[in-house]
Amino acid sequence: MSDSKKSWFYLIVLSLIWGSSFILIKKSLVGLSPVQVGALRLIITSIALFSVGFKSLLQIKREHYKPIVITALLGTFIPAYLFAFAINGIDSSISSILNSLTPLNTLIVGALLFGFRFTKNQKIGVLIGFIGTAILILSSAKVNTNQNYFYAILPVIASILYALNVNILKQQLKGVSALSIATGNFAVLFIPALIILYFSDFFATYQITDKSVNTSLLYLLILSVFGTALAKTMFNRLVQIASPLFSSSVTYLIPVIAVMWGVLDGEKFVLIQILASFIIFGGVFLSGRK
């Protein structure tokens, strides 16, 4: 299979997996706190990756240690907690749409830090995208008056971190295998996540007979194995064979899946939110045109 076909295959599969991740986070939060969801997600993913990719750590050279640590923090550690807190405060579908700002932020970060140049269309696309974001947040706050839309800033911050991550992956880790990068990332994060979980009182309060917590752990297990371990490895490979902008455009399709799950779960999604979403997607599309 050519790199072009592989790129589209990874893009579609990642969209399905990550599009379902938001509802899985929401379900995990029923019996667990945001801190516990973030920490357990990292720990379970670490175990899953170590079981299949431990030997791949030997392929990581000394000059790769620093970017491995940086991408672990920017692309995984901090966003895991940001999304857990965000979805605890606002609808999972809105969080997913705000995550679609990643291609725009990839472009901005690339221009500011990595020497990429803006075209006229890209400048207009960035402006349109952020206008759509403002409309989405304001309209969603009116529709869901019982939710705190201060939390909407968290997925936006995560999208900026993802943008930094994808540029660093492309620039400094192109020659490292996708599995080595993913396993290396979680080798860095395992101990910090374990410490955070300990101080969250999970071990002191967990009871094996608590059905709500056990159900949350089941959702989290699915999220960690498929939505993080498998998806992270696939995404690292996608970045290596495609451009950073194409790789980050997975966020075009993620909200479609996430909104479907959200609506099925009873989340409100009205016409003005749909229009705002299309404005965001239009901005992302325009900025991504050659």
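The residues neighbouring residue 230, those whose beta-carbon lies less than 15 Å from its own, together hold a net charge of +3 under the Lys/Arg +1, Asp/Glu -1 convention.
Using just its DSSP H runs of length 4 or more, each adding -39500 (n - 2.57), the chain gives a mean residue ellipticity at 222 nm of -24500 deg cm²/dmol after division by all residues.
For the peptides 219-230, 123-134, 95-106, the ranking by mean Cβ contacts within 10 Å, running from highest to lowest, is 95-106, 219-230, 123-134. Placing +1 on the Cβ of every Lys and Arg and -1 on the Cβ of every Asp and Glu, with nothing else charged, gives the range 53-190 a dipole about its Cα centre of roughly 500 debye.
The three principal axes of the Cα atoms in the range 30-172 give end-to-end lengths of 52, 47, 18 Å, sorted in falling order. Taking a straight line from the alpha carbon of residue 66, these lysines sit under 22 Å away, with near neighbours fewer than eight places off in the same chain left out: 55, 170, 174, 232. Working from Cα pairs under 8 Å separated by at least six residues, relative contact order for the chain is 43 percent. Packing, taken as the mean count of other beta carbons within 10 Å per residue, orders the peptides 206-216, 14-24, 165-175 from highest to lowest as 14-24, 165-175, 206-216.
Of the trypsin sites (Lys or Arg not before Pro) in the range 46-87, the ones in a loop by DSSP (not H, G, I, E or B) with at most 12 other beta carbons within 10 Å are 61.
Dipole of the range 3-288 computed with +1 at Lys/Arg Cβ and -1 at Asp/Glu Cβ about the Cα centre; of 167, 208, 85, farthest Cα towards the positive end is 167.
The Cβ shell under 15 Å around residue 35 holds other residues with a net charge of 0, Lys and Arg each +1, Asp and Glu each -1. One decimal place: the segment residue 52-residue 203 gains 51.7 nm when fully extended, by the rule 0.36 nm per residue minus the C-alpha distance. Using the Cβ-Cβ distance between residue 174 and residue 16 with R0 set to 35 Å, the FRET efficiency from 1/(1 + (r/R0)^6) comes to roughly 0.85. Approximating the spin labels as points 7 Å out from Cα along Cα→Cβ, the residue 215-to-residue 59 distance works out to 4.1 nm. Rounded to the nearest 20, the size of the Cβ-charge dipole of the range 3-288 about its Cα centre is 780 debye, with Lys and Arg at +1 and Asp and Glu at -1. The residue among 196, 263, 122 whose Cα reaches farthest toward the positive pole of the charge dipole of the chain, with charges on the beta-carbon of Lys, Arg, Asp and Glu, is 122.
Work through the residues other than residue 97 whose Cβ is under 15 Å from its Cβ and net out their charges, Lys, Arg +1 and Asp, Glu -1. Local charge sum for residue 97: 0.
Mind putting a number on the dipole of the range 175-284 about its Cα centre? Charges go on the C-beta only, +1 for Lys and Arg and -1 for Asp and Glu, and I need it in Debye to the nearest 20.
Details: 4 positive and 4 negative charges, 53 e Å.
Here the size comes out at about 260 debye.
Here the calculated FRET efficiency for residue 271 and residue 130, from their Cβ-Cβ distance with R0 = 25 Å, stands at 0.75, rounded to the nearest 0.05. Taking Cα centroids, how far is the range 35-73 from the range 107-183 in Å? For the range 35-73 versus the range 107-183, the Cα centre distance is 23 Å.
Throughout, read-outs are computed from the coordinates displayed, never taken from laboratory work. All values derive from a computational prediction rather than experimental measurement. Every residue, glycine as well, gets a Cβ built from its backbone with ideal geometry; the counts of neighbours run over all protein chains shown.
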